[in-house]
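K.L.:
Following this message is one structure expressed as structure tokens.
The values are calculated or read from the model by the stated rules, or taken from the named source; none is laboratory data. If you're wondering where the values come from, they're calculated on a predicted model, not measured in any experiment. Note: ideal-geometry Cβ built from the backbone for every residue, glycine included; neighbour counts use all protein chains shown. Remember, those area values only see protein heavy atoms, side chains included, never the ligands or the DNA or RNA. Shrake-Rupley method; radii C 1.70, N 1.55, O 1.52, S 1.80 Å.
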Amino acid sequence: MAQTSLREYPGTMRVTELAGDRELRLVERPVPIPVADHALVRVAAAGVCGTELHFLEGLLDPGASSRVLGHEVAGTVCDPATGSAIPGRRAAVYNVVNCGSCRYCRTNRDRLCVRSGGMIGFTVDGGFAEYLVAPEANLVPLPDSVSFEAGAVLACSGMTAVHAARLARLGLADPVVVNGIGGVGLMLTQVAALAGATVLAVADDPAKLDLALSLGARAGLLIESPEGYETFPQESRQLLGRAPDVFFETVGTRDTMRAGFSCLAPGGAFVQIGYTSQPLDIHPGALIRNELRILTSAAGSKNDLETAVALAAQGRLKVVIANRTSLDGIQDAIRSLRDRRVLGRNVVTFA
């Protein structure tokens, strides 16, 4: 794709950027110009993920003094010459910029690409903006039956759930625990159930637990304080019929991680999803004795996103939108996420 003259483009766009002092600011920037093999996307929706909190709290480094966050993105591909949306070119944006040819990319492990060009919304400007530029190869067609809001959420929590379930090698009737019913936990509950597993959902709020049960969990457990995890191994065995084979960890505290390891059946898998600032505290002997597996799962491959979109298009994977906001309301969306008041996913939408 030939580079385009600035004067042919709409002038500026509104973005919410993460400034050097780790504060979010609403500013104007020029509309970006796509270079060869890249596309301009008019953003229709961008999910607000817990990862945004990690940037604001300093757990993750944006690698720039003014980065546009937002890695869950869906929108319409635009004409490179005019910036006008192309009818019918709806897409979810896969956020890992990879080479496409290394051994990881060739085996659906794009996230591990050895020649990665970064991640959209992490080290490359993301979707908290009216437009973004992404490689053409990163665009996943979005059927009309899947809304832009759903497509945005699928581009992170949806593909993350598919990826984690595949890594865990779930089997029919396997008893599994999904610990933490946020955006990813809700998706994991559904994907694990679709794979045939028997799911125990663990939540810190009754409404979250009810939602998980309505989306495929066979049993639920409400734990509202760290002390509640002290009896978790016994309770999980009672609710599932036997010790779980897989423990999906999305909370990431010492208490929850310790409970995860202590509840697993011999040969079971502990799957850590996402990021945590707390260290893993377990004696190697406890792992060796029962041949437990530790798996870590971050994001997913483009194929995982394609699978999530296909499941949603078939009506088999439901995206729960908690709240919709404009760019002006991102601060409130972040605040509700920090306070653990989000039932599903907050989404920034664009008129």
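K.L.:
Tell me which strands (runs of 3 or more DSSP E) are completely within segment 132-206 and hold 2 or more residues being open to solvent by less than 10 Å² (accessible area, probe 1.4 Å) and not basic (Lys, Arg), or say none if there are none.
P.N.:
The strands (runs of 3 or more DSSP E) meeting that bar are 175-179, 198-203.
K.L.:
Right, here's the next one. Condition first: free of Cβ contacts under 8 Å to residues at least 40 places away in the same chain and not charged (D, E, K, R). Now tell me which residues in segment 286-308 satisfy that.
P.N.:
Ala286, Leu287, Ile288, Asn290, Leu292, Ile294, Thr296 - these are the residues of segment 286-308 that are free of Cβ contacts under 8 Å to residues at least 40 places away in the same chain and not charged (D, E, K, R).
K.L.:
To continue, here is another question. Could you run through segment 231-263 and say how many residues are among the charged types (D, E, K, R) and either under 21 Å from Ala207 (Cβ atoms) or at pLDDT below 95 (or both)? If you could, list the steps in order and put the result at the bottom.
P.N.:
So the first thing to find is which residues in segment 231-263 are among the charged types (D, E, K, R), and the list is 235, 237, 242, 245, 249, 254-255, 258.
Still in the running and either under 21 Å from Ala207 (Cβ atoms) or at pLDDT below 95 (or both): 235, 254-255, 258.
Counting residues in segment 231-263 that are among the charged types (D, E, K, R) and either under 21 Å from Ala207 (Cβ atoms) or at pLDDT below 95 (or both) gives 4.
K.L.:
Cβ-Cβ under 6 Å, sequence separation 6+ or interchain: first residue in segment 313-326 and within 21 Å of Gly127 (Cβ to Cβ), partner among the hydrophobic types (A, V, I, L, M, F, W, C) and modelled with pLDDT under 95. Which pairs?
P.N.:
Ala322/Val342; Ala322/Leu343; Thr325/Ala333
K.L.:
Check Ala322 against each of (1) hydrophobic (A, V, I, L, M, F, W, C); (2) closer than 21 Å to His163 by Cβ; (3) open to solvent by less than 40 Å² (accessible area, probe 1.4 Å); (4) not in a helix (DSSP H, G or I) and name the one condition it does not meet.
P.N.:
(2)
Here is a yes/no grid of residues against (1) touching a Phe, Trp or Tyr at 6+ places or on another chain (Cβ under 8 Å); (2) closer than 25 Å to Leu154 by Cα:
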| residue | (1), (2) |
| --- | --- |
| Gly11 | no, no |
| Glu23 | no, no |
| Val35 | no, no |
| Gly50 | no, yes |
| Leu59 | yes, yes |
| Gly70 | yes, yes |
| Ala74 | yes, yes |
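K.L.:
Is it the case that Glu230 is more than 28 Å from Cys49 (Cα to Cα) and either open to solvent by 70 Å² or more (accessible area, probe 1.4 Å) or in contact with a helix residue (DSSP H, G or I) (Cβ under 8 Å, 6 or more places away or on another chain) (or both)?
P.N.:
It is true that Glu230 is more than 28 Å from Cys49 (Cα to Cα) and either open to solvent by 70 Å² or more (accessible area, probe 1.4 Å) or in contact with a helix residue (DSSP H, G or I) (Cβ under 8 Å, 6 or more places away or on another chain) (or both).
K.L.:
Does segment 209-220 hold any residues that are closer than 18 Å to Ala259 by Cβ and either of a type in the set (Val, Ile, Thr) or within 23 Å of the chain's Cα centre (by Cα) (or both), and which are they? Break it down stepwise before answering.
P.N.:
We begin by selecting, within segment 209-220, every residue closer than 18 Å to Ala259 by Cβ; these are 209, 212, 217, 219-220.
The answer is Leu209, Ala212, Ala217, Gly220.
K.L.:
For segment 282-302, what are the residues that are out of contact with any His (no Cβ under 9 Å at 6 or more places or on another chain) and closer than 22 Å to Asn95 by Cβ? It would help to see each step written out before you state the result.
P.N.:
Narrowing segment 282-302 to residues out of contact with any His (no Cβ under 9 Å at 6 or more places or on another chain): 282-296, 302.
Of everything in segment 282-302, those that are out of contact with any His (no Cβ under 9 Å at 6 or more places or on another chain) and closer than 22 Å to Asn95 by Cβ turn out to be Leu295, Thr296, Lys302.
K.L.:
Here's another thing I want to ask about it. Which pairs have Cβ atoms under 7 Å, sit 6 or more apart or on different chains, and link a residue in segment 225-245 that is farther than 15 Å from Pro175 by Cα to one that is crowded, with 19+ Cβ neighbours inside 10 Å and polar (S, T, N, Q)?
P.N.:
Every condition considered, the pairs that remain are Tyr229/Thr256.
K.L.:
Further, regarding this structure: Here's a check for you: in segment 52-106, which residue that is open to solvent by less than 50 Å² (accessible area, probe 1.4 Å) and among the acidic types (Asp, Glu) is modelled with the highest pLDDT?
P.N.:
Filtering segment 52-106 for residues that are open to solvent by less than 50 Å² (accessible area, probe 1.4 Å) and among the acidic types (Asp, Glu), the one modelled with the highest pLDDT comes out as Glu72.
K.L.:
Kindly establish whether Ala129 is over 20 Å from Gly158 (Cα atoms) and touching a residue at least 40 places away in the same chain (Cβ under 8 Å).
P.N.:
Spelling it out, Ala129 is indeed over 20 Å from Gly158 (Cα atoms) and touching a residue at least 40 places away in the same chain (Cβ under 8 Å).
K.L.:
Give the residue, chosen from Ile330, Ile273, Ile282, that is surrounded by fewer than 19 Cβ atoms within 10 Å (Cβ to Cβ) and not aromatic (Phe, Trp, Tyr).
P.N.:
Matching residue, one of Ile330, Ile273, Ile282: Ile282.
K.L.:
Go through segment 222-264 and give me each residue that's under 22 Å from the mean Cα position of the chain (by Cα), part of a helix (DSSP H, G or I) and aliphatic (A, V, I, L, M).
P.N.:
Residue satisfying the conditions is Met257 alone.
K.L.:
Every residue in segment 287-319 that is open to solvent by less than 30 Å² (accessible area, probe 1.4 Å) and in contact with a Phe, Trp or Tyr (Cβ under 8 Å, 6 or more places away or on another chain), please.
P.N.:
Leu292, Leu305
K.L.:
Kindly establish whether Arg115 is outside any strand (DSSP E or B) and closer than 22 Å to Gly300 by Cα.
P.N.:
yes
K.L.:
For segment 107-116, what are the residues that are open to solvent by less than 60 Å² (accessible area, probe 1.4 Å) and either out of contact with any strand residue (DSSP E or B) (no Cβ under 9 Å at 6 or more places or on another chain) or touching a residue at least 60 places away in the same chain (Cβ under 8 Å) (or both)?
P.N.:
Residue satisfying the conditions is Asp110 alone.
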